[in-house]
Structure formats: C-alpha cells, structure tokens
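Here the structure comes first, spelled out in structure tokens, and everything after it is commentary.
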C-alpha cells in the first residue's frame, strides 16, 4: 500500500515538474531562481538549468514506473495465488479427514465429488470460500479416497492400539530382563563367594593335616609285626 502511494506521489511530482517547466518556457510561470556561485563567479540561469535537469530526470524515471507496476502486479498475483492455495489446502484437509472418518458413501466420481462439495459448503470454516476452490478440493479428495480408506481413522486407531500393545509388551519384557540380570548377578556373586569360602576351608584343612602329620608322624607309620609267640590254648 505504501509503495503504491509512493508511486502515485512520484508520478504527480513528475507531472507537476513537466507542467511547471512547460509554463516557464512559455513565459507564463517564472523559472526557479537559485543564487549559485562557482569559483567566485555568479552562475547565470542556474535555477533554469536545475529545473530543466530535474524535469528531465523525473521524466526519465517515469519510464521505470510501468516495470515497477508489473512487478507489483506479479507480487499481488503471487500473494493471491498463495492465499488460494492455502484455502484449497484447508478445504482438502477437511474433506480428507471427513473421508477418513467414513462420512462419505462409496459411489461413482460424480456422486462422490457432489457429496464432498456439499460437505465443504456446509462446513462452518469453509463456507465463505469461492465455489471453484471448494470444487477443486472436493475433486482432490475424491482422487485420494483410496488413500483415505487405507488410512481411515478406524484402521489408524487399530494400528495405534496394536503398536501400543507391542510397546507395552516390550516394556514388560525389558523389566523382566532387568530382573533376570539382577538375579543372575546376585547368584554369580553368591557362587563366587561360596567358592572362595570353600577354597579357604579346603586350604585350612590341608594346613591342619600338614600340622598333624608333622606333630604325630607315628600315626602315619604302618604297625610292626609282634615277636611274641602265642601258645595254643589247653583243652581240659
């Protein structure tokens, strides 16, 4: 908006400069009087030269106004196109979500598009859009109805429930795995401690046997045969 006002103001000033210069040339209006000094000398007709130069400059710049106007028109067209695309996108998403919820019945292309168009017209947020935009969104929704059927709300919720159940089962499995790891670690520590105690007890026993063998060596010697001759028993 400000750019448009600036262009209008500049065009008006250029037109005023041309008009003022033309009237000055005709002798109706006076020329601009500018007291200009150059190297100590007074420059004659400085105001007239400045006015003519500004007029020529303004007229030359006016040749760029159509180009700028076309650029502004393209920007406005692009902005309007973006707005239209956004409106079509909103309408399509509304129809697609309704299709996923099973709002529309199966039918041929004409009936399917008509049902979707009627739904979009009755939509509280889309009823003010242009009819051709709603029709285009309805046709797009009809084209993607197979996708809406494949990813319907019911199927998506069922898949989501299945994945949640799988996630819950995995969480339970991980908990049990952590418990098993804890029990395994406890048993490993226990077994290692028992092995250590058994080795210590065996070492104590061996050391005790060595001490007994050193203190009582005769206990380990075999018994010597007796030299006493036993007499036979007398029978009465």
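Each value in this text was obtained by applying a stated rule to the coordinates, not by laboratory testing. All values derive from a computational prediction rather than experimental measurement. Positions of Cβ are generated from backbone atoms using ideal geometry, with glycine treated the same way; all protein chains shown enter the neighbour counts.
Structure summary
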{"read-out": "Label-to-label distance, nm, for residues given as residue 56 and residue 167 (7 Å Cα→Cβ offset)", "value": "7.7"}
{"read-out": "Spin-label proximity, residue 184 to region 156-173 - amide N less than 20 Å from point 7 Å beyond Cα toward beta carbon", "value": "170-173"}
{"read-out": "Potential extension, residue 49-residue 8 segment - 0.36 nm per residue separation minus Cα distance", "value": "12.2 nm"}
